[in-house]
Amino acid sequence: MLNYKQLHYFWTVAKTGSIVRACEQLNLTPQTISGQIGLLEETLGVELFQRAGRRLKLTETGRLALSYAEEIFQVGGRLEEMLRSHPGDRHTLFRVGIADVVPKSIAYRLLAPAMALSEPLRIVCREDKLERLMAELAIQRLDLVIADGPMPSEMDVRGYSHKLGECGITFFATPKLAALYGSGFPHSLQGAPMLVPGENTIVRGRLMRWFGERQIQPRIVGEFDDSALMKAFGQSGIGIFIAPSVIADEVRRQYGVEAIGRIDEVTERFYAISVERQLTHPAVVAVTEAARQELFTNP
């Protein structure tokens, strides 16, 4: 009889593209996964993978096995969802991953329309690095991933990027710093203490190029992957920080800071990444339509 645990290990490796990524996903050692896949191949009398340098490549038989495995685990996922729902109180499960570089207020505003659907919905949110979220999406443990860019081309995962929109950025500071550096923006930022997004964020590169083109050299005093942490430091007066202009009013109210300037040459962009080319999940459709029609004006 087919060992479904071994099949699941094979499926995970095939979808994530490597044993290393599968180890992170399954929380197992490479030896365990390699050994179990070897046993599966021995039991079936076929070769599912071939080595291509440091990567694994599916054989023709492996590709055929993957198509069947996808169907099996799709049905299994639907069965699990059905069994977890209480009779008479069925909810549509919406599993969404949020890349940790996406501002939490943006994530909330993107997801809020899904919660307003007439059909009962239970949302499950996961925040993590994009690579790990894509591995979850690949094996259909997530319905959607929200990120600050399209799916990286080097990721060996089948997925489709749906642009939700983009907006310019606004610079914020405490009243004390705003009095010092607000006049004469943007050249007033020369030598100003600046908090910037971390290197893992796409907007970081755009921002630094903008500074370079205008020959402005701020004094960078902090780098943050987590935008909420950056705002907290900014609120304390450590430095000037940026945020998407669509949430400028919210940032001012929440953190007690002032906007000292806005630019549209540097934009933050947001994407919904799914395994579907044509979106069908009602919550995903609600998120994408509301983002394009209400939150952003230039998707």
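Is it the case that residue 259 is within 23 Å of the chain's Cα centre (by Cα) and surrounded by 17 or more Cβ atoms within 10 Å (Cβ to Cβ)? Walk me through it before giving the result.
On the way: within 23 Å of the chain's Cα centre (by Cα): no; surrounded by 17 or more Cβ atoms within 10 Å (Cβ to Cβ): yes.
Here the answer is no, as residue 259 does not meet what is asked.
Does any residue of the range 24-34 turn out to be surrounded by 12 or more Cβ atoms within 10 Å (Cβ to Cβ), charged (D, E, K, R) and closer than 26 Å to residue 276 by Cβ? I'd like the intermediate steps shown before the answer.
Step one: filter the range 24-34 for residues surrounded by 12 or more Cβ atoms within 10 Å (Cβ to Cβ), giving 24-26, 28, 30, 32-34.
Filter once more, so that each one left must be charged (D, E, K, R): 24.
Next cut, closer than 26 Å to residue 276 by Cβ only: 24.
Looking through the range 24-34, at least one residue is surrounded by 12 or more Cβ atoms within 10 Å (Cβ to Cβ), charged (D, E, K, R) and closer than 26 Å to residue 276 by Cβ.
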Could you please find all residues in the range 186-213 being loosely packed, with under 14 Cβ neighbours inside 10 Å and farther than 13 Å from residue 266 by Cβ? 187, 191, 199
Kindly indicate whether any position in the range 191-201 is assigned to a helix (DSSP H, G or I) and not assigned by TED's automatic domain parsing to the domain that holds residue 134. no
Which one is surrounded by the fewest Cβ atoms within 10 Å (Cβ to Cβ), of the residues in the range 35-71 that are over 30 Å from residue 126 (Cα atoms) and among the hydroxyl-bearing types (Ser, Thr, Tyr)? 43
Tell me the helices (runs of 4 or more DSSP H) entirely within the range 1-52 that contain at least 3 residues that are more than 21 Å from residue 137 (Cα to Cα). 30-44
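Here are 221, 251: which of them is surrounded by fewer than 17 Cβ atoms within 10 Å (Cβ to Cβ) and β-branched (Val, Ile, Thr)? Break it down into steps so the answer makes sense when it comes.
On the way: 251 fails: surrounded by fewer than 17 Cβ atoms within 10 Å (Cβ to Cβ).
The conditions single out 221.
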Considering every residue within the range 103-118, establish whether at least one is touching a Cys at 6+ places or on another chain (Cβ under 9 Å) and either at pLDDT 75 or above or within 29 Å of residue 248 (Cα to Cα) (or both). yes
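Among the residues of the range 204-235, how many are within 27 Å of residue 129 (Cβ to Cβ), over 25 Å from the mean Cα position of the chain (by Cα) and free of Cβ contacts under 8 Å to residues at least 24 places away in the same chain?
Within the range 204-235, the first condition is being within 27 Å of residue 129 (Cβ to Cβ), and the residues that meet it are 204-211, 220-235.
Filter again for over 25 Å from the mean Cα position of the chain (by Cα), leaving 211, 220-221, 235.
Narrowing the set further to residues that are free of Cβ contacts under 8 Å to residues at least 24 places away in the same chain leaves 211.
Total meeting the criteria: 1.
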Checking residue 176 against (1) in a loop (DSSP other than H, G, I, E, B); (2) modelled with pLDDT of 95 or more, which test does it fail? (1)
Under 7 Å between Cβ atoms, which residue pairs at least 6 apart in sequence (or on different chains) link something in the range 54-69 that is closer than 16 Å to residue 9 by Cβ with a partner that is aromatic (Phe, Trp, Tyr) and part of a strand (DSSP E or B)? 56/49; 58/49; 62/49
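Being touching a Gly at 6+ places or on another chain (Cβ under 7 Å), basic (Lys, Arg), assigned by TED's automatic domain parsing to the domain that holds residue 284 and not in a loop (DSSP other than H, G, I, E, B) narrows it down to one residue among 122, 109, 132, 126; which is it?
On the way: 122 fails: touching a Gly at 6+ places or on another chain (Cβ under 7 Å); 109 fails: touching a Gly at 6+ places or on another chain (Cβ under 7 Å); 132 fails: touching a Gly at 6+ places or on another chain (Cβ under 7 Å).
The unique qualifying residue is 126.
Taking residue 183 as the residue in question, decide whether it is among the polar types (S, T, N, Q), surrounded by fewer than 16 Cβ atoms within 10 Å (Cβ to Cβ) and in contact with a Pro (Cβ under 6 Å, 6 or more places away or on another chain).
On the way: among the polar types (S, T, N, Q): yes; surrounded by fewer than 16 Cβ atoms within 10 Å (Cβ to Cβ): yes; in contact with a Pro (Cβ under 6 Å, 6 or more places away or on another chain): no.
Taking the combined requirement at face value, the residue does not satisfy it.
The values are calculated or read from the model by the stated rules, or taken from the named source; none is laboratory data. Remember, it's a predicted structure, so these values are computed and weren't measured experimentally. A quick note on method: Cβ atoms are made from the backbone with ideal geometry, for glycine too, and the neighbour counts reach across all protein chains shown.
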